Amino acid sequence: MSVDPDQPSVAGRPRWWATGPVLWGGALSLLVATGLLAWSLTSDGTYVAPTPRSARPSVDPTLAGSTLAAFERAVRDGDDDAARALAPSDDPAAGDRLADLVANAAALRIGDFTLRYVDDDGAPTSDGAWGAAVDATWRFRGFDTVSARAEVEAHLVDDGDRVALTGFGGGDRVSPVWLSGPVQVRRTPSTLVVVAGTSADADRYATRAEAAVPVVRRVLPGWRTGLVVEVPSSTTALEHALGAADGDYDQIAAVTTSADGSTAPDAPVHVFANPEVFGSLRPTGAQVVMSHETTHVAAGAWDSRTPLWLLEGFADYVALRDVNLPVQRSAAQIIAVVRKGGLPRRLPDAAAFGASTPRLGATYESAWLACRLIAARTGESALVAFYRAVDRGRPVGAALRSATGLSLPQLTGDWRRQLRELAR
């Protein structure tokens, strides 16, 4: 996972645990290029002029805004027929897509839903279609205490005396899962799971989410706000949902971050699972990943400045606390690294947690061992107090001494000795 060492905006768990002439010439080149672009070659070798720009449909922001307002009302009223009526008259598939989104909103109990036309992404194509930037807000009632806000892509079509709507998503903007296509929804008093997949997929993710909540509350009993898990249809869809670059999440099983891809400190925070990675995990590994991410939600880790060895190690401590696995298996990768290359000199720094960093799995395991060691030596409550103090901004060394009685050099020495023993 790509992490900014100074301000991590996401928290997650990778898959490795489980598995002169210049002016004149430039002007000439521009003229030549313009001349070439004015013609297109047909299959029989003749040239034809393209449709003049003045003859193409034009963008009408007022009509587009009216269409978006009508879709807002359809969502608020749960009126799938009204949503279908906003699609182009000759495109029933678009009508079905819009009706699916109304159904999504009803199942998710969407609140505070607004759409505001911002700008077009260029002139419409010859068939009257264009993309537009739209400022959207939404909230999952019962779970989100504030609304998510993002600029999304709306797909619009000039349809005679009106502007029709065909859907949302794509482009370089955030594509919320529930606005991108039909979803399965599973809800309990403490969990809300949104899956762009089959009913069986939704049941599996819901089971993991429901099991993760008590795991986390055993260590953090004060957490009561609930857990939202979103599962896009693919890794690419995950990147679109988060407004991320291609490849950012290829090897990440799940990530905890803002629901709208923003860095706003009060944004709603959800867990996003990568179905192509998470789905390949064995049951125990999948549960550990879900419990790890749930810990991040409960601890407010997504925008924390806590050092990553503590942030991620603490989440793994909670997730693995009651898992019946020998430490030689849970720490197999760091043990192998020590056997091959010797002991690390210090606790892992932020750079060691980069998504493309070799031995990322071993880094996570080493961080977990450090937090596990603190709990074993000074008690779980001391580990929690240490984590909380650092999260509030206290220096690591001072917080460690105050909460546990250990100095940072002592912890590092004990941690290295433990690694040495495990690698024998």
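Side notes on the structure shown:
- Peptide ranges 255-266, 317-328 listed from the most packed, as the mean C-beta count within 10 angstrom indicates: 255-266, 317-328
- Modelled spin-label separation between R420 and T284, with each label point placed 7 Å from Cα along the Cα-to-Cβ direction: 2.9 nm.
- Rounded percent of accessible protein surface that carbon and sulfur make up, region 300-424, 1.4 Å probe: 47
- Difference of contour (0.36 nm per residue) and Cα-Cα distance, R218 to D266: 14.7 nm
- Distance between the 7 Å Cα→Cβ label points at S356 and A398: 3.8 nm.
- Solvent exposure of the chain, expressed per residue, is 46 Å² of accessible area, with all protein chains present and a 1.4 angstrom probe.
- Note that the chain shows a convex hull volume over its alpha carbon atoms of 210 Å³ per residue.
- Among beta bridges that DSSP assigns inside the chain, antiparallel share in %, nearest 5: 85
- Surface composition of region 100-170: carbon plus sulfur atoms hold 43% of the accessible area, using a 1.4 angstrom probe and ignoring ligands, DNA and RNA.
- Counting Cα-Cα pairs of region 105-261 in 5 Å increments starting at 0 gives whole-percent bin shares of 2, 8, 16, 19, 19, 15, 10, 5, 3, 2, 1, 0, 0.
- Pairwise centroid distance, computed over Cα atoms, of region 369-383 with region 115-140, Å: 52
- Take each peptide in 359-367, 301-309, 407-415, count the other Cβ atoms within 10 Å of every residue, and average; sorted highest first, the result is 359-367, 301-309, 407-415.
- Backbone phi angles across region 91-99, fed through the Karplus curve with coefficients 6.51, -1.76 and 1.60 (θ = phi - 60°), yield HN-Hα couplings of 9, x, 5, 5, x, 5, 4, 5, 5 Hz in residue order; Gly and Pro are listed as x.
- A quarter of the convex hull surface defined by the alpha-carbon atoms of region 200-325 gives 7.7 nm² as the mean projection.
- Estimated at 0.36 nm per residue, the fully extended path between R346 and A93 surpasses their Cα-Cα distance by 85.3 nm.
- DSSP beta bridge pairing in region 171-230, given as percent antiparallel to the nearest 5: 50
- Two-site FRET efficiency, S66 against A211, from Cβ-Cβ distance with R₀ of 60 Å, rounded to 0.05: 0.80
- For region 103-179, the direction-averaged projected area of the alpha-carbon convex hull comes to 5.7 nm².
The values are calculated or read from the model by the stated rules, or taken from the named source; none is laboratory data. Model, not experiment: these values are computed from the prediction. Because the Cβ atoms are built from the backbone with ideal geometry, glycine has one as well, and the counts that use them run over all protein chains shown. Only protein heavy atoms, including side chains, enter the accessible area calculation; ligands, DNA and RNA are left aside. Shrake-Rupley method; radii C 1.70, N 1.55, O 1.52, S 1.80 Å.
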